[in-house]
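Enquirer: One structure follows; several queries about it will come next.
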Amino acid sequence: MPSLLYELPLQRINGERGTLYPFQNQVLLIVNVASKCGLTPQYEGLEKLYRSYRDRGFSILGFPANDFGAQEPGTEEEIQAFCSTTYDVSFPMFSKIVVTGEERHPLYSWLIHAQPVTEGRNVMEERLRSFKREPTPAPEVVWNFEKFLIGRGGQVLRRFAPSTAPDAPELVAAIEAAL
């Protein structure tokens, strides 16, 4: 029985409507992204990770969100242009969504319910507080660039804090194990 994950209605950044059904036999890394965040340079590492493993059935799916510090204020066209020209992003990008609170997109409600614990959350919370930012309460997404690793069957395998770099050994090992 396919996971509900693949049935949720979504929109690609180019306006095309669909679901995640085309990705159902792949290992996925779902990431909420932002263009004006201190972590935005992670786009470079995410693209490198995507290019390293895409031929083995791996995709990164980027979901722009303006939930944290209004760090993704642009339109879909502006976000797409920024990602393309600044970081040469080729992994699939989706339309801007809400990832926290009452207006949270059903995708993120499903992800958070499936894996309420964020590995490394305490480190990210301390970092945010050092910048005078109050973290969201668990199990909410803590900030931009939180990462959900999804297995080929649609199950959430791991959830990594935003401070986990795309080349972090624990993330790379988890991806390789899932492949």
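Enquirer: So, of the residues in the range 26-75 that are aromatic (Phe, Trp, Tyr) and more than 22 Å from GLY154 (Cβ to Cβ), which turns out to be farthest from the chain's Cα centre (by Cα)?
Expert: Among those that are aromatic (Phe, Trp, Tyr) and more than 22 Å from GLY154 (Cβ to Cβ), it is PHE68.
Enquirer: Return the only residue of ASP55, ASP67, ASP88 being at positive phi and of a type in the set (Asp, Glu).
Expert: ASP88
Enquirer: Looking at PHE131, is it modelled with pLDDT under 95 and aromatic (Phe, Trp, Tyr)?
Expert: yes
Enquirer: Further question: Before we move on, is LEU5 modelled with pLDDT of 95 or more, of a type outside the set (Phe, Trp, Tyr) and either part of a helix (DSSP H, G or I) or touching a strand residue (DSSP E or B) at 6+ places or on another chain (Cβ under 9 Å) (or both)? Working first, answer last.
Expert: On the way: modelled with pLDDT of 95 or more: no; of a type outside the set (Phe, Trp, Tyr): yes; either part of a helix (DSSP H, G or I) or touching a strand residue (DSSP E or B) at 6+ places or on another chain (Cβ under 9 Å) (or both): yes.
When the stated conditions are applied, LEU5 does not pass them.
Enquirer: Going residue by residue through the range 51-60, is there one that turns out to be touching a Leu at 6+ places or on another chain (Cβ under 9 Å), assigned to a loop (DSSP other than H, G, I, E, B) and in contact (Cβ under 8 Å) with a residue 40 or more places away in the chain?
Expert: Within the range 51-60 (the criterion being touching a Leu at 6+ places or on another chain (Cβ under 9 Å), assigned to a loop (DSSP other than H, G, I, E, B) and in contact (Cβ under 8 Å) with a residue 40 or more places away in the chain), the answer is yes, since at least one residue qualifies.
Enquirer: While we're here: Quick check: anything in the range 122-142 of a type in the set (S, T, N, Q), under 23 Å from PHE58 (Cβ atoms) and surrounded by fewer than 19 Cβ atoms within 10 Å (Cβ to Cβ)?
Expert: No, the range 122-142 contains no residue that is of a type in the set (S, T, N, Q), under 23 Å from PHE58 (Cβ atoms) and surrounded by fewer than 19 Cβ atoms within 10 Å (Cβ to Cβ).
Enquirer: Out of the range 103-135, which residues are polar (S, T, N, Q) and in contact with a Phe, Trp or Tyr (Cβ under 8 Å, 6 or more places away or on another chain)?
Expert: Hits for the range 103-135 are GLN115, THR118.
Enquirer: Sticking with this one: Can you say whether PHE94 is at pLDDT 95 or above and surrounded by fewer than 20 Cβ atoms within 10 Å (Cβ to Cβ), as far as the supplied structure shows?
Expert: So PHE94 does not fit the description; no.
Enquirer: Could you list, ordered by first residue, the pairs with Cβ atoms under 6 Å in which the first is in the range 81-97 and within 16 Å of LEU20 (Cα to Cα) and among the polar types (S, T, N, Q) and the second is modelled with pLDDT of 95 or more and surrounded by fewer than 18 Cβ atoms within 10 Å (Cβ to Cβ), at least 6 apart or interchain?
Expert: SER95/GLN11
Enquirer: For the range 156-179, give me each residue that is in contact with a helix residue (DSSP H, G or I) (Cβ under 7 Å, 6 or more places away or on another chain) and surrounded by fewer than 16 Cβ atoms within 10 Å (Cβ to Cβ).
Expert: The answer is ASP167, LEU179.
Enquirer: Something else: Which residue, of GLN42, GLN71, is crowded, with 22+ Cβ neighbours inside 10 Å and of a type in the set (S, T, N, Q)? If you could, list the steps in order and put the result at the bottom.
Expert: Numbers: GLN71 fails: crowded, with 22+ Cβ neighbours inside 10 Å.
Testing whether each residue is crowded, with 22+ Cβ neighbours inside 10 Å and of a type in the set (S, T, N, Q) leaves just GLN42.
Enquirer: Of (1) in contact with a Phe, Trp or Tyr (Cβ under 7 Å, 6 or more places away or on another chain); (2) under 21 Å from ARG17 (Cα atoms), GLU78 satisfies all except one. Which?
Expert: Going through the list (1) in contact with a Phe, Trp or Tyr (Cβ under 7 Å, 6 or more places away or on another chain); (2) under 21 Å from ARG17 (Cα atoms), GLU78 breaks only (1).
Enquirer: Within the range 140-157, which residues are farther than 22 Å from CYS37 by Cβ and either among the β-branched types (Val, Ile, Thr) or touching a Lys or Arg at 6+ places or on another chain (Cβ under 9 Å) (or both)?
Expert: Matches in the range 140-157: ILE150, VAL156.
The values are calculated or read from the model by the stated rules, or taken from the named source; none is laboratory data. Given the structure is predicted, the values throughout are model-derived calculations rather than measurements. For neighbour counting, all protein chains shown are included, and Cβ atoms are generated from backbone atoms with ideal geometry for every residue, glycine included.
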